[in-house]
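Just below is one structure, and these are the notes that go with it.
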């Protein structure tokens, strides 16, 4: 019979009794690799070892099994502990079991020692699995609460951004109309141009933040990733803290990649936060892009690397780095989902994440993406124009007035209404059929009913004003989405293009 090797710490001062225990184990299929201790001092000297089981005599000259078990549980809490004794009392037995001994055997009845050892090991294995499962469940609960907070923040951000975008639309539109009314040499023009530039930057920032907070997906397309990364770094530098410096460099002739822009931004954000957290006293994060060497299964690739000068990663940590819920930050700072989510995203794009790290000398994470073989897609802007009837449906009176004024200044016959119900009352029979209806997303459903109820109400062309991240309008209308906030020029171009499309029908 092949013997199973087992590391045994044997607490026994009598050599004959020690040999009796070891011989019984061998007889029952266990090959003990034994460390025998004969005193309290010997026990203290050997508690740093790694053992499969501890077998202890009840009484040594300077050590009782109850004291030995208490000390063992401090250093080796998950190692089975079995007591053997020449005699026992009920009090001794109960005391040992209360302290956590796995079994209590008499020396003249060692026939079930091996079975007792195996049973104790199985109980400890099941206990370890239960504790690990409970720990994982607790980590998942923390992660779920974190995700719920993020979702709540996303909802709140959406509401704030909606109002902010309405205000910025009024500001931008009014500035552009005012600039058209002023002479080229008017001293106020420069001030208005400054307001217009700041408003456009605020609009871009609002749209990007809203898109990222809601994890809006755009689908994959072949893009030049460099301007995407430059723009995202400009957006996030301040959020990494004043002690963290971010440097960005990019090589020449970078290949395009087929990616979802928002998903790659999420990966980059996760890597930046990890790099920052690896440098508790601050430091430099280096973000680089370059054409990488062809790899097996990839061909040409683009490498996006994030490197830090932080504490580094041990070999043991690297083995678990991309496992869900694995974190070295503690539950108060990390959920353990950042890197696992990033790897999932990158592999969904056909790529991989490579890691180089030395403890105490920093880390580098390289996102490897296969180069796209599709050509870049360019969009041709619509030429602005004027001359058709437009209905503006917007509850916000100040925004409704600004939109109507901009369209009228551009030559459209624009009329504003608070709701679709107001069109029914105020439009009246014989009113000019609209070429286009400009509306907020909340009125689309009612508007569809209004347009389809009477074919004489005009072509079914709708321009829907909505915030980034909202689902697109659906239904039996041809809807064009105009993301808020937008400039007067953007409004005129989109409405004119819709009018032309309406005229073709």
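Since every read-out is calculated from the coordinates, none of them should be taken as a lab result. Just so we're clear, the structure is a prediction, and the values are computed from it rather than from any experiment. Every residue, glycine among them, receives a Cβ derived from its backbone with ideal geometry; neighbour counts consider all protein chains shown.
Quick notes on this structure:
- Using R0 = 30 Å, the C-beta based FRET efficiency linking residue 31 and residue 109 works out to 0.85.
- Calculated FRET efficiency, residue 87 to residue 361, Cβ-Cβ distance, R0 = 56 Å: about 0.40 to the nearest 0.05.
- Take the Cα of residue 67, go 7 Å toward its beta carbon, and the backbone nitrogen atoms of region 15-44 under 13 Å from that spot belong to 39-44.
- Between residue 188 and residue 221, the C-beta separation translates, for a Förster distance of 45 Å, into a calculated FRET efficiency of about 0.60.
- Linear extension gain, residue 258 paired with residue 413, 0.36 nm per residue minus alpha-carbon span: 51.5 nm
- 20 Å cut-off, amide nitrogen to a point 7 angstrom out along residue 16 Cα→Cβ, residues in region 46-65: 56-62
- When you count the other C-beta atoms within 10 angstrom of each residue and take the mean per peptide, 15-25, 243-253, 74-84 line up highest first as 74-84, 15-25, 243-253.
- Relative packing of 5-11, 313-319, which averages over residues the other C-beta atoms within 10 Å, highest first: 5-11, 313-319
- Separation of the residue 500 and residue 320 label points, Cα + 7 Å toward Cβ, nm: 6.1
- Using a simple spin-label model with pseudo-atoms 7 Å out from Cα toward Cβ, residue 156 and residue 247 lie 3.8 nm apart.
- Centre separation in Å (Cα based) which lies between region 186-201 and region 7-86: 84
- Beta bridges per DSSP, both residues in region 225-370: antiparallel share near 75 percent.
- Among 221-228, 64-71, 365-372, the order from most to least packed when residues are scored by Cβ within 10 Å on average: 365-372, 64-71, 221-228
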